[in-house]
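Participant: There's a structure below that I have some questions on.
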């Protein structure tokens, strides 16, 4: 498929809004854009101590503006420090399928090594979009990185929506889609000791275009991991449209590729961002802790 650039002769809406976001003035944090479309590196935040309310507010706004926040050269957070920082943005989400830590069930351990047979996040997705109220955002710190590889790719779903034609945008704004997880979760965490026999995994119907509750912008909200069908369309029609959208979302100009260093942190907005974790480092080890913040029911508002 031929890929047209985001702008043809003039800046389109996606680029104009990107420039405006980069010029946002923050008083309690310093942000440096990683690309012109998605991602900023943030300085001035100490996650080992209580975070002042004005800084929490600016971090929440930066998250909505830039999709994903990167924090370099951080100390290795304790489980409690990471949990307490994440709680500044809302109650924490419990994963419906993954293994739970006895002491901190909110903590999702990311651990891949030479004996692993699956890599979490190996396909493009938005975290747990199959929940009726999917997560707001996810905070991941990688404590041990492989010798090479192990990057995470993030894609801006505001930009993916903005790059569509006006006719297709108008059509998609009236659509909803089924998000399922049986195929994604059944047996996936068996190597972590999870017995999911008899467990019922979540399904939900979500808008194909989602309005972000903070920025007010529209973002595509379908993903190849969980979205199985567009409601009220014939299967063949739905499959064709979803195939196009899934390929469209993968366009490189919507993306940033994050190269982890030990104890780097990424904080991404699940309401407007998709991500994919590369597994190009086998048999090396990659280990970290992730916490996820509860969100609300996705909605579309013109």
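Participant: Looking at region 142-156 only, could you name the residues that are assigned to a strand (DSSP E or B) and over 18 Å from the mean Cα position of the chain (by Cα)?
Facilitator: Scanning region 142-156 gives 143, 144.
Participant: When residue 196 is evaluated against the numbered criteria (1) touching a residue at least 40 places away in the same chain (Cβ under 8 Å); (2) over 30 Å from residue 56 (Cα atoms); (3) touching a strand residue (DSSP E or B) at 6+ places or on another chain (Cβ under 9 Å), which criterion, by number, is the only one it fails?
Facilitator: Of everything listed in (1) touching a residue at least 40 places away in the same chain (Cβ under 8 Å); (2) over 30 Å from residue 56 (Cα atoms); (3) touching a strand residue (DSSP E or B) at 6+ places or on another chain (Cβ under 9 Å), residue 196 misses just condition (3).
Participant: Here's something else I'd like to know. Just wondering, is there one or more residues in region 228-243 that are in contact (Cβ under 8 Å) with a residue 40 or more places away in the chain, in contact with a strand residue (DSSP E or B) (Cβ under 9 Å, 6 or more places away or on another chain) and farther than 24 Å from residue 166 by Cβ?
Facilitator: Yes, because at least one residue in region 228-243 is in contact (Cβ under 8 Å) with a residue 40 or more places away in the chain, in contact with a strand residue (DSSP E or B) (Cβ under 9 Å, 6 or more places away or on another chain) and farther than 24 Å from residue 166 by Cβ.
Participant: Would you tally the residues in region 235-257 being in a strand (DSSP E or B) and surrounded by fewer than 19 Cβ atoms within 10 Å (Cβ to Cβ)?
Facilitator: Residues meeting the conditions: 1.
Participant: Okay, moving on. Being out of contact with any helix residue (DSSP H, G or I) (no Cβ under 8 Å at 6 or more places or on another chain) and either at positive phi or outside any strand (DSSP E or B) (or both) is the filter here; which residues of region 272-287 pass it?
Facilitator: Correct list: 278, 279, 280, 281, 282, 283, 284, 285.
Participant: Quick test for you: out of 92, 168, 136, pick the one residue that is free of Cβ contacts under 8 Å to residues at least 40 places away in the same chain and under 25 Å from residue 205 (Cα atoms).
Facilitator: On inspection, the qualifying residue turns out to be 168.
No lab work stands behind these numbers, since they all come straight from the coordinates. Remember, predicted model here, so these are calculated numbers, not experimental data. Ideal geometry is used to build each Cβ from the backbone, glycine not excepted, and the neighbour counts take in all protein chains shown.
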